[in-house]
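Heads up, the thing below is written out as structure tokens.
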């Protein structure tokens, strides 16, 4: 169960793990005995973009990541925003690039983070200026892009195949 929720966000009572009868069978959920609040722990939708910039793939390094890992631009939708508008906004916020084309690649399961990845291919223009969230970026020829075996890495692999390139995968050390 989610480690982030220990107390009820409505009344601050400690949440208890209970088994609830639901469609499809019994499920364990965190519930507040005082007010009845239930933490459903549903996956969060996350937007991701494979940015094609100057004929190459732009991958960026997040400031919070250890080592020299580069990945897709990702972010969350805002209330009242479509996934496409959210992705274009995230690209502009994180790279200062303008999106001229945005096409859905697919939707991917990322259970380790309790997320659903909605991945796009974006054609972008302008001058790259990174937000404080990002510390570096690199441009890769399609044949030089390395994919990872999780979340957005599967989207990147599928997109590379659609472009006639068999993806190469890199394995990162397991986190302890």
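Looking only at Cα atoms, what is the convex hull volume of the chain per residue, in Å³? Walk me through the intermediate numbers first.
Values: hull volume 28.6 nm³, N = 176.
In the chain, the Cα convex hull volume per residue is 162 Å³.
Enter the Cα centre distance for the pair segment 116-172 and segment 1-35, rounded to the nearest angstrom.
Measuring centre to centre over Cα atoms gives 37 Å.
If I stretch the segment between residue 10 and residue 123 completely, what's the gain in nm (0.36 nm per residue apart, minus their alpha carbon distance), one decimal? Don't jump to the answer; show the numbers that get you there.
Working: separation 113, 0.36 × 113 = 40.68 nm, distance 4.32 nm.
Extending this stretch completely gives an extra 36.4 nm.
Note the angle between two axes, namely the Cα long axis of helix 83-95 and the longest principal axis of the Cα atoms of the chain, as a number of degrees from 0 to 90, rounded to the nearest 10.
So the inclination is approximately 60 degrees.
Quote the convex hull volume per residue of segment 1-41, based on C-alpha atoms, as a whole number of Å³.
On the way: hull volume 2.7 nm³, N = 41.
It comes to 65 Å³ per residue, whole-number rounded.
If you stretched the chain out fully between residue 42 and residue 144, how much longer would it get, using 0.36 nm times the residue separation minus the C-alpha to C-alpha distance? Can you show the working numbers first?
Working: separation 102, 0.36 × 102 = 36.72 nm, distance 3.58 nm.
Using 0.36 nm per residue and subtracting the Cα-Cα distance, I get 33.1 nm.
Where a number appears in this text, it was derived from the coordinates with a stated rule and is not lab data. Please read these numbers as outputs of a predicted model, since none were measured by experiment.
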